[in-house]
Amino acid sequence: MKIRQELLKNIRQVEPYVPGEQPQGRVVKLNTNENPYPPSPEVRKALDALDTDAFRLYPDPASSVLIKALAEQYQVGEDQVFAGVGSDDVLSLCFLTFFNSDRPVLFPDITYSFYRVWAELYRIPYECPELDRNFRIVKEDYYRENGGVIFPNPNAPTAIYEGLDFVEDILEHNRDSIVIVDEAYIDFAGRSAVELVDKYDNLIVTQTFSKSRSMAGMRIGYAIASPELIRCLNDVKYSFNSYTMSRAALVCGAAAVQDRAYFEENVRRITATRARVQDQLRELGFEMTGADANFLFARHPEHDAKRLFGELKKRRIYVRHWNDERIRQYLRITVGTDEEMDIFFRALRDILDNK
Ligand SMILES: *Cc1c(COP(=O)(O)O)cnc(C)c1O
């Protein structure tokens, strides 16, 4: 039954974000940048030690065990950390809290597509400066008046990391705007802007457990900023839903952060496989934009990306493809295990040979 016009006019309607497919069963899943390795064994221990009787009680609304572990890890105050249900939750709250101006918020035309969805949902005006022809962010485009700035570093889906000089330049030119640096992939790239939060009162850095910490299914993300900005974020959170983080997420998250050695080895394995995948893609004639994340963004001058995507899918290998004009000849390929990448390349060679 259709919703009557009289009802419809009072309903908030949005075009939702379209997440990558989550196929069930045996597939090679290289489409949503999950980590192919399990989380730290300490996470299993933390889960086993959970007192399920306590599930009848609400969790700690301040997420203290997790915040404490993160503050220690990043050498910041506990009042400088905010935790949420994945960085999507954290980022959406940041949009609501910090992008509260009549002037447009600025983010790149090619970037994480959720930004546009949140801007639309919250009715925040926005503009999207174009990446240059090499898919780099043009920092001068962010020198104009705005209601806030957000960009991922490394950017997605281009996998291009910009150094801290670049980040500082944008911060310097936007002293009166909040600048959010979405560092979902920073652990595969370079230095984090977390070291700048004490220097810039307009900086917010967000990170996630979904990629480098192998915990996409647990939904944990966080923001690091000045105590004042974190307080604003908490005020909005408590006006929305006080108990966002489950008891399980809190202890598992803290355990994962504390196992630093496992984390570093996990990242090292992925970057080693990434280097190999990059070489093999190049040998097959692919061109890539960057290689600073746990995925590669690749195009082949002689093969249509949508066809490759479809042929891979027929072989139960999932990568990501978008129909957007500037990137429709690209595939985003998550770096999986060495075995998964071997299966991927066997299929890819077969597809390229049988045009
Ligand atoms: C994956 C991703 C996120 C969100 O991840 P969560 O699973 O919600 O923590 C945020 N930003 C970018 C650029 C991402 O790729």
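The values are calculated or read from the model by the stated rules, or taken from the named source; none is laboratory data. Predicted model, so just to flag it, every value in this text is computed and none were measured. As a convention, Cβ positions derive from the backbone with ideal geometry for all residues, glycine included, and neighbour counts pool all protein chains shown. Ligands, DNA and RNA are stripped out before the accessible areas are found, and what is left, the full protein with its side chains, is counted by its heavy atoms. Shrake-Rupley method; radii C 1.70, N 1.55, O 1.52, S 1.80 Å.
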Could you list, in sequence order, all residues of region 15-48 that are open to solvent by less than 40 Å² (accessible area, probe 1.4 Å) and among the hydroxyl-bearing types (Ser, Thr, Tyr)? Thr32, Tyr37, Ser40
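Within region 1-14, count every residue that is touching a residue at least 12 places away in the same chain (Cβ under 8 Å) and either surrounded by 10 or more Cβ atoms within 10 Å (Cβ to Cβ) or among the aromatic types (Phe, Trp, Tyr) (or both).
Looking only at that region, the number is 1.
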Spot the failing condition for Val194; the list is (1) open to solvent by 30 Å² or more (accessible area, probe 1.4 Å); (2) away from the ligand (no atom under 14 Å from the Cβ); (3) touching a residue at least 24 places away in the same chain (Cβ under 8 Å), and only one is missed. (1)
Flag for Ala62 being hydrophobic (A, V, I, L, M, F, W, C) and in a helix (DSSP H, G or I): no
Whichever residue in region 139-191 is open to solvent by 30 Å² or more (accessible area, probe 1.4 Å) and not in a loop (DSSP other than H, G, I, E, B) and, among such residues, is nearest to Ser92 (Cα to Cα): Asp187
Those helices (runs of 4 or more DSSP H) completely within region 236-355 that have 2 or more residues that are under 26 Å from Pro39 (Cβ atoms) and of a type outside the set (S, T, N, Q) are 247-258, 260-283, 338-353
Flag if Pro129 is crowded, with 21+ Cβ neighbours inside 10 Å and either in contact with a helix residue (DSSP H, G or I) (Cβ under 7 Å, 6 or more places away or on another chain) or assigned to a loop (DSSP other than H, G, I, E, B) (or both): no
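Within region 218-227, identify whether any single residue is open to solvent by 20 Å² or more (accessible area, probe 1.4 Å), in the same structural domain as Ala62 (by TED's automatic domain parsing) and of a type in the set (Val, Ile, Thr), and answer yes or no.
no
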With the requirement that a residue be among the β-branched types (Val, Ile, Thr) and either at pLDDT below 95 or over 22 Å from Arg136 (Cα atoms) (or both), what does region 278-317 give you? Ile317
Can you name the residue in region 197-217 that is touching a Gly at 6+ places or on another chain (Cβ under 9 Å) and open to solvent by 10 Å² or more (accessible area, probe 1.4 Å) and, of all such residues, is farthest from the ligand (Cβ to nearest atom)? Arg213
Taking the criterion of being modelled with pLDDT under 95, assigned to a helix (DSSP H, G or I) and over 25 Å from Asp259 (Cα atoms), would at least one residue in region 7-19 satisfy it? yes
Selected residue (criterion: surrounded by the fewest Cβ atoms within 10 Å (Cβ to Cβ)) from residues of region 117-126 that are away from the ligand (no atom under 13 Å from the Cβ) and under 17 Å from Gln13 (Cβ atoms): Arg123
State whether the residues of region 80-89 include one that is more than 16 Å from the ligand (Cβ to nearest atom) and closer than 30 Å to Ala193 by Cβ. yes
Which listed residue, of Asp109, Asp102, Asp51, is surrounded by fewer than 21 Cβ atoms within 10 Å (Cβ to Cβ), within 16 Å of the ligand (Cβ to nearest atom) and in the same structural domain as Ile150 (by TED's automatic domain parsing): Asp109
